[in-house]
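The values are calculated or read from the model by the stated rules, or taken from the named source; none is laboratory data. A quick note: this is a predicted structure, and the numbers were derived from the prediction, not measured. Cβ sites come from the backbone with ideal geometry, for glycine too, and all protein chains shown count toward neighbours.
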Amino acid sequence: MGSNPENMIKKAISETIAEEMFRDLGFYVLKFGQENTINPLIQLERFVKECGGKFKLKHWEDPLEEITFLKKMPDFVLIDKEGNTFFLEVKFSKRGQLNENGAEVWQIYPKTIIFIVNLEVGTSIVYPEEENHAEVPQELKDTRFHIWYKEEDIKEGCKSRTISLKEWLESLFQIDAKGLIEEYEKYVVKWLTEKEIL
């Protein structure tokens, strides 16, 4: 197991919640991330090396660190009813924050939607590329699901933005999912809240 099994378990639960919820919302969901693609490839590479063959997971003439483009792949591909495709990265964050490490996927896949599953939200958000704190709107404090995305601005360049899952679904897909979101928020509380074992 990895160096922090608790975080790995929380991420796996968060990914399962996201996967099932987006399916219930009518999206086709394809598992895509490192866990589903790179681990089998790494096992294959080890096997080939042990057998005396040569096998590299390095993209031709890519200046990036070896297999970085695979290690940073988003967790899922979402396809809506119109056939539009979205990359989705799922993160668990106890306080609804996204740090630089959590935003690494944007280095290679800048159009990725980062889906944050959280337990509580503080009074401010710090965007990975900024030092300034932004006040958290009430709608983000009231939900356990946030959507983070990159937005192109002619004057300011590329900036991170955060909205609630409810607002994202309504604005892009005209989906009213208030009841379904509330149902899945109960799973977050049930499976990701730390409880004392009696």
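Across region 84-124, the qualifying residues are those that are among the small types (Gly, Ala, Ser) and touching a Phe, Trp or Tyr at 6+ places or on another chain (Cβ under 9 Å), and the one among them that is nearest to Glu194 (Cα to Cα) is Gly102.
Per-residue answers, yes or no, for (1) among the basic types (Lys, Arg); (2) assigned to a loop (DSSP other than H, G, I, E, B); (3) within 19 Å of Phe86 (Cα to Cα):
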position	(1), (2), (3)
Gln97	no, yes, no
Gly102	no, yes, yes
Pro110	no, yes, yes
Ile114	no, no, yes
Val117	no, no, yes
Glu120	no, yes, no
Glu130	no, yes, no
Ala134	no, no, no
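If you scan region 81-117, which residues turn out to be crowded, with 17+ Cβ neighbours inside 10 Å, of a type outside the set (Lys, Arg) and under 17 Å from Phe22 (Cα atoms)? Within region 81-117, Phe86, Phe87, Leu88, Glu89, Val90, Phe92, Thr112, Ile113, Ile114, Phe115, Ile116, Val117 meet the criteria.
The conditions of being of a type in the set (A, V, I, L, M, F, W, C) and either assigned to a helix (DSSP H, G or I) or without any contact (Cβ under 8 Å) to a residue 12 or more places away in the chain (or both) are met by Ile181. Could you go through region 59-78 and let me know if any residue there is under 30 Å from Gln174 (Cα atoms), of a type in the set (Val, Ile, Thr), part of a helix (DSSP H, G or I) and at pLDDT 85 or above. Taking every residue of region 59-78 in turn, none turns out to be under 30 Å from Gln174 (Cα atoms), of a type in the set (Val, Ile, Thr), part of a helix (DSSP H, G or I) and at pLDDT 85 or above. Quick check: is even one residue across region 155-163 part of a helix (DSSP H, G or I) and at pLDDT 90 or above? No, there is no match, as no residue in region 155-163 is part of a helix (DSSP H, G or I) and at pLDDT 90 or above. Residues that are touching a His at 6+ places or on another chain (Cβ under 8 Å), under 24 Å from Lys141 (Cα atoms) and among the aliphatic types (A, V, I, L, M) are absent from region 97-111.
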